[in-house]
Amino acid sequence: MSDLLALADRIVGQARAGEQVEVFLGRSHHTEVKVFDGAVESLSSADTQGVGVRVIVDGRQGFAYAASLDEAIVAETLDEARDNAGFGTVDEHLGLAAPDGVAPADLDLFRPELADFPTARKVEMALELERAVRAADPRIRGVESAEYGDSMSESALASTEGIRATTRRSGCSIVASAMAGEGTSTMTGSGYSVARTPEDLDLAKAVKDASEKSTRLLGARKPASRRLTVLLDPSVSASFLGLLSSGLSASSVIKGRSLFADRQGEAVAVPFLTLVDDPTEPLAWGAGRYDAEGLASRRNVLIADGVLQGFLHNTYTGRRCNQPSNASAVRGGYRSTPGAGSRALSLAPGDRSQEQLMADVGTGLLVQSVTGLHSGANPISGDFSVGVEGLLFRDGAPAEPVREATIASTLQRMLLDLVAVGGDREWLPGGAAGLTLVIADVQLSGS
Amino acid sequence: MIDEAVVARVLTAALRTGGDFAEVFAEDRRSSSARLDDGKIEELTSGRDRGAGIRVVRGETTGFAHTSDLTEEGLRAAAEAASAASRGGGGGVREVALTRRDNLAPHEVSVMPEDVPKSRKAELLLKADDAARAAGGAIRQVGATYGDSHRKILVANSDGLLTSDDQVRTRLMVSCVASGDTGMQTGYEAPGRTVGFELFDEVDPADIAAEAARRALVMLKARPAPSGTLPVVLKRGAGGVLFHEACGHGLEADLVGRDASVFRDKVGTRVASRLVNLVDDGTYAREWGTYAIDDEGHVAQRNSLIEDGELTDYMWDHLRARKAGRQSSGNGRRQSYHHLPMVRMTNTYVLAGEEDPDEIIRQTPHGIYCVQLGGGQVNTATGDFVFGITEAYMIENGEITHPIRSANLIGNGPEVLQAIDAVGNDFDTWTGTCGKDGQGVPVSSGQPTLRVAAMTVGGTAA
């Protein structure tokens with residue numbers, strides 16, 4: 001760890017007069033085991049490392065990265081970023097973050113014992129996952145994929161402005177996709193579990209989800225088009241929160257790409273909706289002590305009781321809007337500069353289970369999975385149209401499964417057509433928590 | 001990139017525990033990009049990725065490790081890790097002798113992007129910004145990104161192969177936001193080719209920007225898309241992604257092999273309308289998915305997949321071909337040295353038919369006309385797929401009428417292929433990135449204007 005920060009410090013020390021320099025160093029170790037048909041198909045073990053350097057000089061920004069921590073290459077990367085800065089447009093608001101006195105939360109995101117977990121047990125876990133999925137239901141005719149993966153990563157960030165931040169995290173996952181068959185019908189469903197250490201993985205849950213999700217769709221057909229009430233399963237609602245997130249980035253607002261622009265202080269959703277981004281929540285997969293510019297993470301309320309409170313800011317967007325950063329800088333790794341966005345988005349949960357909500361609603365569609373989010377949802381216009389699989393329900397009880405259909409509305413309407421928020425909050429891999437959402441009057445397209 | 005003798009010694013080391021096959025894939029990629037947004041050149045970025053992935057295959061198991069250390073010591077460490085991962089039992093020494101094979105490049109690259117002054121790359125973006133904003137006051141925002149990459153690869157394996165390739169790609173992407181009474185709408189245009197900076201001898205950034213702006217302005221007038229089943233006419237070039245999703249992925253031998261494709265056991269049978277002829281061709285000069293060799297060292301080739309509606313073959317990589325006792329079709333690709341190769345498409349094209357494209361529209365009483373699609377997704381095990389429309393119009397009484405808002409279309413691959421009832425005599429291609437199992441690779445797709453008799457359009461208008 002200290003060697004990463006020491007290297008970052010040495011490179012920052014090469015800054016010239018008048019230059020702001022930020023050095024991000026990352027290093028990680030990954031293991032991945034894929035099994036098929038009772039045998040190991042592949043076992044990968046790999047170390048990844050890299051550096052990203054940002055230079056701001058005379059109001060211009062340049063960036064460079066390299067997939068290496070070799071000191072000479074890191075130094076070259078600084079030179080390259082410096083040279084690139086000469087071609088940017090002058091922008092008086094450009095500048096690196098400065099320490100703001102907020103202390104980082106004490107988060108337990110790293111389990112050193114993962115390093116000693118034997119590879120043979122990882123392999124056994126993946127094989128056991130496949131066996132268990134296959135055995136879970138006689139209608140499961142194959143396992144499309146079953147894998148175990150883990151990573152241990154560390155990073156260091158240092159800058160001429162006095163930022164010095166280090167992070168360490170570990171994580172592991174199992175995921176399986178089952179193929180269920182009956183007659184000529186084949187349907188798929190996946191299940192997974194994520195944890196900080198292998199002992200905490202819930203194999204039984206992954207198996208149950210893959211099995212139930214694939215078998216309950218058997219016999220699914222294209223439904224007739226109609227307007228109806230939908231229940232979004234937690235994994236689906238988490239994807240929709242991800243779409244909303246882009247409109248809540250101050251960067252989108254400043255650049256005229258947010259459907260929430262100019263609406264701060266207005267009611268944008270039903271009064272029982274509260275949306276918070278809180279990377280200090282230890283259960284959140286996106287939790288972290290620092291944001292991507294090295295400021296301590298903090299809880300930001302974005303929508304309170306339906307009213308838009310504010311946006312996610314990094315240092316640059318804060319300066320553009322005359323306010324401090326709220327520690328919402330995000331970056332995809334050492335290959336890119338920090339943007340502004342969410343890491344641990346969640347709606348305030350209600351108190352009803354999915355079954356209770358189904359009973360409350362009576363008739364509708366439970367959406368189990370969606371496809372084509374990237375091609376059919378436009379976070380700028382708010383239009384969305386996505387492929388769905390799920391179960392129609394009547395009198396509060398599951399009825400016919402459906403496939404090859406879409407649901408469509410706009411994000412703006414969806415926030416106002418919300419009927420209920422479930423109490424079944426679940427932190428999912430990615431940047432958001434899922435919970436069952438009930439939305440009225442959505443267009444279902446089929447035959 | 002690496003000395004031949006070193007590669008031979010590393011492969012020998014990789015086989016020391018008894019592997020059947022070992023491979024070194026080394027890569028040195030330099031990339032540069034420039035991004036404009038909100039009227040400003042936000043930044044130029046330079047990137048360097050250099051390293052090697054080593055795999056050892058023993059029986060059904062592949063062991064894989066990668067390293068950014070290209071010294072003999074670093075490569076040997078990765079070879080030993082890969083070898084250990086394949087769980088070899090100890091097999092003595094098997095010396096590897098390499099024979100270098102030179103490849104015929106599909107075309108010459110005339111202007112290496114790294115030789116072009118950075119200021120010229122920035123100028124392209126400013127020109128695009130000006131042109132997009134000149135398209136009308138309703139254009140409120142313009143984003144433009146220039147990107148190039150120069151990827152040198154070396155592949156050597158225990159069959160004695162030693163070969164290399166130099167792949168240069170250049171792309172410009174422009175996106176616009178227009179604002180009007182109906183809110184905000186977007187337009188996007190992003191041509192890319194496997195060429196150097198000479199791309200801009202034929203592609204004018206101002207034209208690309210004007211096209212993206214036109215699209216955003218058209219969408220301001222769009223009405224809600226219909227909901228339900230309709231005939232769908234795809235303009236030339238726009239609909240290649242339909243085939244990429246409807247059957248392309250399902251014809252990848254790795255998915256077929258694990259029984260996760262609806263096209264399993266269908267070779268030699270009718271899987272599409274007789275009007276459909278589909279090829280995957282990595283040799284087309286200058287196309288986005290083109291290369292001299294794939295990422296396993298196999299020479300790119302033209303593979304016929306569907307002829308007159310009959311399935312003729314799948315696409316293959318080294319491992320899947322070896323298992324089936326045949327040659328790879330040159331479709332083994334990987335995103336980078338961090339990844340294992342798998343079966344991937346290159347340039348996937350439906351060949352031109354005989355009908356006049358205008359006539360296809362005239363003979364469609366009520367349907368939609370798709371001019372640009374925005375990507376898609378498929379579940380190969382069920383065959384169900386979606387793709388998004390980003391510029392489309394209603395066809396009423398054989399005429400193109402008003403634009404419709406963006407939506408996904410959904411269908412089932414085998415059913416949609418059978419439902420193609422008209423194929424035009426024109427042709428164009430589309431540039432994209434194909435994602436599979438977390439890896440993105442550059443691909444193109446292409447087709448003539450054609451009609452699907454019925455697909456479900458996922459709009460909101462009843």
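Please treat every number below as a calculation from the coordinates, not as lab data. Worth saying up front: this structure is predicted, and the values here are computed from it rather than measured. Virtual Cβ from ideal backbone geometry, glycine too; neighbours counted across all protein chains shown.
At an R0 of 41 angstrom, the distance between the Cβ atoms of residue B:111 and residue A:102 translates into a FRET efficiency of 0.25. Evaluating 6.51 cos²θ - 1.76 cosθ + 1.60 at θ = phi - 60° for every residue in the stretch B:191-205, the Karplus couplings come out as x, x, 9, 7, 9, x, 5, 5, 3, 7, 6, 10, 10, 8, x Hz, glycine and proline recorded as x.
Of A:213/B:323; A:222/B:436; A:122/B:152; A:255/B:40, which sit over 23 Å apart, Cα to Cα? Over 23 Å apart, Cα to Cα: A:213/B:323; A:222/B:436; A:122/B:152. Going from the fewest other Cβ atoms within 10 Å to the most, the residues B:115, B:358 appear in the order B:115, B:358.
Summing charges over neighbours of residue A:284, with a neighbour being any other residue whose Cβ is under 9 Å away from its Cβ, gives -1 when K and R count +1 and D and E count -1.
Mean separation of Cα pairs under 8 Å and 6+ residues apart, divided by the residue count of the stretch B:231-318: what relative contact order is that in percent? Relative contact order comes out at 30 percent.
In the protein assembly as shown, the DSSP-assigned H stretches of four residues or longer account for a calculated mean residue ellipticity at 222 nm of -6000 deg cm²/dmol, using -39500 (n - 2.57) per stretch and the full residue count as denominator.
Amide H contacts under 5 Å for residue B:346: B:281, restricted to partners 5 or more places along the chain or on a different chain, H placed in the peptide plane at 1.01 Å from N. Across peptide A:32-45, the mean count of Cβ atoms from other chains lying within 10 Å of each residue's own Cβ comes to 6. For the residues A:352, A:196, A:343, a GNM of chain A with alpha-carbon springs under 10 Å puts the largest fluctuation on A:352. Each Lys or Arg adds one and each Asp or Glu subtracts one; over the other residues with Cβ under 15 Å from the Cβ of residue A:86, this totals -1. The modelled label-to-label distance between residue A:9 and residue B:126, using points 7 Å beyond Cα along the C-beta direction, is 4.2 nm. Panel values: the stretch B:184-300, Kirkwood radius from alpha carbon pairs, Stokes-Einstein at 37 °C and 0.692 mPa s, translational diffusion coefficient 179 µm²/s. In percent, rounded to a whole number, the relative contact order of the stretch A:2-215 is 21, using alpha-carbon pairs under 8 Å and six or more apart. Local charge for residue B:307 was computed over the other residues whose Cβ lies under 15 Å away, with Lys and Arg +1 and Asp and Glu -1, and equals -1. With θ taken as phi - 60° and the Karplus curve 6.51 cos²θ - 1.76 cosθ + 1.60 applied, the whole-hertz 3J(HN,Hα) list for the stretch B:78-83 is 5, 4, 5, 5, 5, 5 Hz, x standing for glycine and proline. Legend: mean number of C-beta atoms from other chains within 10 angstrom of residue C-beta atoms, peptide B:47-53, equals 6. Applying the Karplus relation 6.51 cos²θ - 1.76 cosθ + 1.60 with θ = phi - 60° to the stretch A:187-196 yields 3J(HN,Hα) values of 9, 10, x, 10, x, 7, 8, 10, 7, 7 Hz, where x marks Gly and Pro. Taking the alpha-carbon centroid of each part, what is the distance from the stretch A:27-96 to the stretch B:399-419 in angstrom? The stretch A:27-96 and the stretch B:399-419 have Cα centres separated by 41 Å. Residue exposure proxy: B:233, B:218, B:441, ordered by other Cβ atoms within 10 angstrom of their Cβ from fewest to most, comes out as B:218, B:441, B:233. Remark on residue B:391: its backbone amide H falls under 5 Å from those of B:371, B:372, a criterion applied only to residues 5 or more positions apart or on other chains, H modelled at 1.01 Å from N. Summarising the label geometry, the points placed 7 Å from Cα in the beta-carbon direction at residue B:354 and residue A:203 lie 6.2 nm from one another. Amide H contacts of residue B:461: B:225, B:227, each under 5 Å away and 5 or more positions distant or on a separate chain (H built 1.01 Å from N in the peptide plane; Pro and chain starts excluded).
Across chain A, the relative contact order, built from alpha-carbon pairs under 8 Å that are at least six residues apart, equals 15 percent.
Peptide A:88-94 is shielded by partner chain Cβ atoms: per residue, an average of 4 of them sit within 10 Å of its Cβ.
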